[in-house]
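Working notes, beginning with the structure itself.
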Amino acid sequence: MTLHSIDDCVKLNNGVEMPSLGLGVFKMDDGQAVIDATTYAVNVGYRLIDTASIYNNEKGVGAAIKQCAIPREKLFITSKLWNDSQGYDLTLKAFEKTMSDLQLNYLDLYLIHWPLPKNNTYIATWKALETLYKEGRIRAIGVSNFEPEWIQNIINECDIVPMVNQVEFHPYFQQKELRDFCEANGVQIQAWAPLARGIIFEDETLIKLADKYGKSVAQFVIRWELQCKVATIPKSAQRERMVSNADVFDFEIDEQDIKAMEGLNRNMRIGPNPHEFYKVRL
Ligand code: NDP
């Protein structure tokens with residue numbers, strides 16, 4: 001992962017280039033709120049927007065993309081298949097709804113949002129993603145919240161190794177084993193809740209480390225994620241924060257401090273455990 005500017009990309013296992021840093025739009029209301037946020041983001045240089053059908057804001061994201069000055073092919077749009085649409089046929093149907101809401105004729109990345117392991121539908125769901133990928137409707141396909149065992153099942157039973165696994169990742173939840181497994185299998189990790197939704201901002205160690213580099217805790221943590229080879233999608237609806245969260249390309253965290261970061265891990269999730277998460281509504 002080269003780290004020079006917000007235009008930097010990671011190369012996925014099928015050769016597609018995915019921006020390392022993007023904007024998450026969870027909890028942004030559809031309509032003007034998400035249109036404004038997406039437009040701000042694109043105007044200040046973000047090229048990746050991460051939405052999902054369950055966020056109920058794909059229409060707004062799509063409207064912003066349509067209006068913006070950046071050509072479609074320069075943007076990288078991710079969406080996710082929700083839990084009530086797993087299974088081969090339902091997945092194909094849900095994808096069409098997502099595309100119609102986004103008003104796009106191709107998607108850059110489509111993820112299975114949660115594995116629902118006891119339902120045992122993620123393999124059939126993955127096969128539908130493979131069909132869409134082979135038809136050229138999606139440039140890259142992946143999973144989210146998947147543990148190694150479920151990715152291994154996909155590798156064993158299907159044709160295509162997921163290109164991305166989007167998981168909770170921040171200083172308090174570092175997922176070392178999962179990251180090692182994904183790296184060994186060519187699956188790019190992308191961090192959700194990369195700022196742990198703010199709970200890390202008061203951490204004394206992080207405040208000291210960030211100070212050392214003349215950066216905010218948010219900037220320090222985002223930079224640390226990128227240096228860990230983790231792509232990241234911090235969410236902010238505020239223009240100044242979007243700019244500040246992307247101002248992470250003018251410093252480098254030294255090896256000693258990268259090592260020190262391991263000590264902050266608490267194996268502490270702020271989101272659901274994928275073994276237990278079966279919700280149909282958020
Ligand atoms: P984040 O860790 O990105 O935190 C977002 C929160 O931090 C918001 O309240 C935001 O407030 C605030 N914030 C952002 N930047 C700053 C800053 N510089 N200083 C102070 N506060 C700041 O959490 P998310 O849960 O939103 O995760 C990011 C994205 O990951 C989501 O938007 C979504 O796209 C994706 N996601 C995926 C999941 C999955 O299961 N695959 C699950 C959860 C999220 P404000 O907007 O007011 O700036």
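The values are calculated or read from the model by the stated rules, or taken from the named source; none is laboratory data. These figures come from a predicted structure and were not determined experimentally. No Cβ is skipped: glycine too gets one built from the backbone with ideal geometry, and neighbour counts run over all protein chains shown. Quick note on the areas: whole protein, heavy atoms, side chains included, nothing else; ligands and nucleic acids left out. Shrake-Rupley method; radii C 1.70, N 1.55, O 1.52, S 1.80 Å.
Add -39500 (n - 2.57) for each DSSP H run of 4 or more in the chain, then divide by its residues: what number comes out at 222 nm, to the nearest 500 deg cm²/dmol? Helix contribution divided over all residues of the chain: -11000 deg cm²/dmol. Pairs over the 24 Å Cα-Cα cut-off, from the set LYS11/LYS74; LYS215/LYS235; LYS59/LYS229; LYS176/LYS259: LYS59/LYS229. Candidates GLY60, LEU116, PHE201 compared by Cα position along the dipole of the chain: farthest toward the positive end lies GLY60, with charges placed on Cβ. Scalar couplings 3J(HN,Hα) for the range 2-14, obtained by applying the Karplus form with A = 6.51, B = -1.76, C = 1.60 to θ = phi - 60°, are 7, 10, 10, 7, 5, 7, 4, 10, 9, 8, 6, 5, 9 Hz; x denotes Gly and Pro.
Using the heavy atoms of the protein chains and a 1.4 angstrom probe, tell me the accessible area per residue for the chain in square angstrom.
Averaged over the residues of the chain, the accessible area is 43 Å².
Note on MET28: accessible area approximately 10 square angstrom, rounded to 10, probe 1.4 Å, nucleic acids and ligands left out. Extension gain, TYR278-LYS176: 0.36 nm per intervening residue step, less the Cα-Cα distance, totals 34.3 nm. Apply the a/c threshold of 1.5 to the C-alpha gyration tensor of the range 1-102 and tell me whether it is rounded, prolate or oblate. The shape class here is oblate. Residues whose amide H lies under 5 Å from that of ILE112, counting only those 5 or more places away or on a different chain, are LEU81, GLY142, VAL143, SER144; hydrogens are built 1.01 Å from N in the peptide plane. Its Cα centre serving as origin, the range 158-216 has a Cβ charge dipole (Lys and Arg +1, Asp and Glu -1) of approximately 200 debye. Binning all Cα-Cα separations of the chain at 10 Å, short to long from zero, yields these whole-percent fractions: 7, 31, 37, 21, 4, 0. Around the amide H of GLN175, modelled in the peptide plane, lies no amide H under 5 Å away from a residue 5 or more places distant or on another chain. About its Cα centre, the dipole of the chain is roughly 600 debye, where the only charges are +1 on Lys and Arg Cβ and -1 on Asp and Glu Cβ. Surface composition of the chain: carbon and sulfur atoms hold 48% of the protein heavy-atom accessible area at a 1.4 Å probe. Which residue, chosen from TRP126, LEU48, GLY136, occupies the Cα position most advanced towards the positive end of the dipole of the range 9-262, where the dipole is computed from +1 (Lys, Arg) and -1 (Asp, Glu) charges on Cβ about the Cα centre? Checked the options; the winner is GLY136. Counting only heavy atoms of the protein chains and using a 1.4 Å probe, HIS4 has close to 130 Å² of accessible surface.
Electrostatic tally near LEU90: other residues with Cβ closer than 15 Å to its Cβ, Lys and Arg +1, Asp and Glu -1, net +1.
Taking Cα pairs under 8 Å and at least six residues apart, what relative contact order does the chain come out at, in percent? Over the chain, the number comes to 20 percent.
Rounded to the nearest Hz, the phi-derived 3J(HN,Hα) couplings of the range 107-124 under the Karplus curve 6.51 cos²θ - 1.76 cosθ + 1.60 (θ = phi - 60°) are 10, 7, 8, 10, 10, 6, 5, 9, x, 6, x, 6, 6, 6, 10, 6, 5, 4, where x marks glycine and proline. Note on surface exposure: ILE151, ILE270 rank ILE270, ILE151 by accessible area, highest first, 1.4 Å probe.
Let me check I've understood the local charge: for ALA237, count other residues with C-beta under 9 angstrom from its C-beta, Lys and Arg +1, Asp and Glu -1. What total comes out? That works out to +3.
The mean of 1/r over all pairs of different alpha-carbon atoms in the range 156-282, once inverted, gives a Kirkwood hydrodynamic radius of 15.6 Å. Once you list every other residue whose beta carbon is under 14 Å from the beta carbon of VAL10, what net charge do they have if Lys and Arg are +1 and Asp and Glu are -1? Net charge in that neighbourhood comes out at -1.
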